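The values are calculated or read from the model by the stated rules, or taken from the named source; none is laboratory data. Since we're looking at a predicted model, the values are computed, not measured. Positions of Cβ are generated from backbone atoms using ideal geometry, with glycine treated the same way; all protein chains shown enter the neighbour counts. Surface accessibility is based on the protein's heavy atoms, side chains included, excluding ligands, DNA and RNA. Shrake-Rupley method; radii C 1.70, N 1.55, O 1.52, S 1.80 Å.
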Amino acid sequence: MAVSIPRGIQIIKRKLKRGKGQYIKYRVRISRKDCKQDRLFDTLKEAEDFLANSKSPVGKKILFDMRTEEGREAARIMSIINDPKMSTYLAIYKENYLMKEEEADTYLKKRNRKNIEAFYDLIERTKVPCPDPFYERLPENYREAKEQAKQYNAKPFGDFKLLEIDAITINDYIKTRLKTEIRKTGRTVKKSSVAREITFLNRFFQKIRYIAPNLDFKNPIDGYDRDLLRYRTNKRDFRFSDEQMIELMEALDKNKNPEMKNIVMLSLLTAMRRSEILTLTWPQIRDGYIQLIHTKSGKPRKVYLAKEAKDLIESIPKREGDERLFEYSITGFEGSFSKFKSRLSFKFRFHDFRREGISRLVEKAGIENSVLLAEILGFSNVRKLEEGYGEETASISS
């Protein structure tokens, strides 16, 4: 018995490939002034119900609401495709310009990659005031209302469209971060920390012209208010006093693991970083210098050895079948060093040994060796050496 198809419903039949039956759908096409629809349904019942609903006032309202919602969703999808959020571009940046996980073949590289990703994650989730178009049109005497509206409309920085971000947005980001409290200490974020975040943002913005070459985007970092981060303190002013050095050496002599003292002394004598010392192997020890491979900059460099440093290295026993100078892993040493520090009467960091070593080298070397010092110590230029080590290097720039 033939099925009666109501007016307004059309059967769509198509044969499937390789003789696997046929494709049947029921099409409802409505082109009235008060309702325009064009839909396919799997069953005749669904098509009939839809057609009946389109003729009732309640049904028409539902269909209108559905159409409006679909339109909004389509507009949102097109917006993402045509003008993605900053987080979309940042994902592309990470994929193309950050070291791949499989390329991070050492602990240092893995840690460095994680640290960089953590910076960008922090930047993305920081909520930044977003101007409200209505309040932006208010006269200047409504400034307080405009500022309140900006705070109310704050959204994660990663949700901003690139073309929404200008120098004012960067200023708002900086102000927000400087007001942010650190959970552990209750203190607000330091200017030096925010400055580093801005450096990472700048690296990302500089690559936008390669990621989206057709986007007319100006780097907003070029125009932000530099005064917001003025007078930041990057340098940690610390030198070991004679009394502290005596206490330190006595504690190192009493320490059960002699490697602890050798590592500390090597940092004091060469100004090498903790990670550079802990990853040392015997093939890196040459006649009169150490050939560093795992450095902060990623570039190999030579560390020349004074007699005291040579004697110290020669006193370190070699282990059969192990090329490493020290058995400590980086994470293992961090834990042991934290316990060691807690037994002393003053506070310090491992990096203070490098600072002390650099200060001593600068005092001995004098002005004529400033360029060589910067190269040996792993600074990109003499200015970086001057910025980090205050009065000891003041004469170098003259």
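Computed values, structure above
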| item | result |
| --- | --- |
| Residue, nearest to the chain's Cα centre (by Cα), within the range 36-62, restricted to residues that are small (Gly, Ala, Ser) and either at pLDDT below 80 or exposed (fewer than 14 other Cβ atoms within 10 Å of the Cβ) (or both) | Gly59 |
| Test: Lys127 is at pLDDT 75 or above, more than 18 Å from Ile198 (Cα to Cα) and open to solvent by 70 Å² or more (accessible area, probe 1.4 Å) | no |
| Residues located in the range 180-226, provided they are more than 15 Å from the chain's Cα centre (by Cα), β-branched (Val, Ile, Thr), within 20 Å of Ile168 (Cβ to Cβ) and open to solvent by 40 Å² or more (accessible area, probe 1.4 Å) | Thr180 |
| Answer from Lys347, Lys339, Lys310 - the residue that is in contact (Cβ under 8 Å) with a residue 12 or more places away in the chain and open to solvent by 60 Å² or more (accessible area, probe 1.4 Å) | Lys310 |
| Close pairs from the range 21-35: first closer than 17 Å to Glu46 by Cα and open to solvent by 70 Å² or more (accessible area, probe 1.4 Å), partner of a type in the set (D, E, K, R) and modelled with pLDDT under 75, Cβ under 6 Å, at least 6 apart | Tyr23/Arg14 |
| Residue satisfying all of: in the range 278-296; within 32 Å of the chain's Cα centre (by Cα) and assigned to a loop (DSSP other than H, G, I, E, B); nearest to Leu98 (Cα to Cα) among these | Lys296 |
| Long-range neighbours under 8 Å by Cβ, at least six apart or interchain, first residue within 25 Å of Leu90 (Cα to Cα) within the range 185-200, second part of a loop (DSSP other than H, G, I, E, B) and among the hydroxyl-bearing types (Ser, Thr, Tyr) | Val189/Thr180; Lys190/Thr233; Lys191/Tyr231; Lys191/Thr233; Ser192/Thr233; Ile198/Tyr224 |
| Test: Glu391 is at pLDDT 90 or above and assigned to a helix (DSSP H, G or I) | no |
| Single unsatisfied condition, Val264 versus (1) within 21 Å of Arg343 (Cβ to Cβ); (2) surrounded by 17 or more Cβ atoms within 10 Å (Cβ to Cβ); (3) without any contact (Cβ under 8 Å) to a residue 12 or more places away in the chain | (3) |
| Filtered residue count, the range 330-378, keeping only those that are outside any helix (DSSP H, G or I) and modelled with pLDDT of 90 or more | 8 |
| Glu327, sole failed condition from (1) assigned to a loop (DSSP other than H, G, I, E, B); (2) loosely packed, with under 12 Cβ neighbours inside 10 Å | (2) |
| Test set (1) open to solvent by 40 Å² or more (accessible area, probe 1.4 Å); (2) in a helix (DSSP H, G or I) - Lys299 fails condition number | (2) |
| From the options Lys94, Lys114, Lys85, residue that is at pLDDT 70 or above and either in contact with a strand residue (DSSP E or B) (Cβ under 7 Å, 6 or more places away or on another chain) or more than 30 Å from Ile182 (Cβ to Cβ) (or both) | Lys85 |
| Residues of the range 161-179 classified as surrounded by 14 or more Cβ atoms within 10 Å (Cβ to Cβ), modelled with pLDDT of 90 or more and in contact with a strand residue (DSSP E or B) (Cβ under 8 Å, 6 or more places away or on another chain), total | 5 |
| Every residue from the range 302-324 that is at pLDDT below 90 and either in contact with an Asp or Glu (Cβ under 7 Å, 6 or more places away or on another chain) or not in a loop (DSSP other than H, G, I, E, B) (or both) | Lys302, Val303, Tyr304 |
| Members of the range 155-174 that are among the acidic types (Asp, Glu) and under 18 Å from the mean Cα position of the chain (by Cα) | Asp159 |
